[in-house]
Amino acid sequence: MFTLWKLICSKRSAQHLPELLSGRRRYQYERVVTFLRKRENRTATMYEVVKKTNVPDLRIQQFIQQGRLLIAKFPNLGYPCLECGQSIREGKLCHNCAQQLKNDLAKHEIETKRQNERQDRLSTYRLKDK
């Protein structure tokens, strides 16, 4: 470990750091895939995979989101929705949170349109015939 630290801290290590990090990610990916290939582990949850492989859950989420780890064969594997924490298998938001976001955006758009129409009415001069 000390030699690795010396390599990281050396002046020439800046060019080798991406290689070291990619090697670590590759090692973590291989650990997860090897664990999940075993028939008895295919129904493991995210918590179980993290506990048995010592790979952080955020890294496993990255593998899933990058398409490196296909979860179609692993029914219990998922990651939390960014908004509510419900377990999801794709994207960043669950269906309910995505729908809520769409509704909020639609309401905001309608309100903005109304405000613009009011502003146009207030800034328009009207002439009256006498």
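A short reminder: the numbers here are calculations on the coordinates, not readings from a lab. It should be emphasised that the depicted structure is a prediction, and the values quoted were computed from it without experimental measurement. Here Cβ is always computed from backbone atoms with ideal geometry, including for glycine, and neighbour counts include all displayed protein chains.
For segment 105-120, just list the computed ³J(HN,Hα) in residue order, Karplus coefficients 6.51, -1.76 and 1.60, θ = phi - 60°, integers in Hz, with x standing in for Gly and Pro.
Once rounded to whole Hz, the list reads 5, 5, 4, 4, 5, 5, 4, 4, 5, 4, 5, 5, 5, 4, 5, 5.
Once you place label points 7 Å from the Cα toward the Cβ at residue 65 and residue 30, how far apart are they in nm?
The two pseudo-label positions are separated by 2.6 nm.
Mind listing the long-range amide H neighbours of residue 88? Cut-off is under 5 Å, sequence gap 5 or more, other chains count too, H placed in the peptide plane at 1.01 Å from N.
It is 79, 81, by chain and number.
Subtract the Cα-Cα distance of residue 40 and residue 109 from 0.36 nm times their separation in residues, and report this length gain in nm to one decimal.
Here the segment from residue 40 to residue 109 would lengthen by 19.8 nm.
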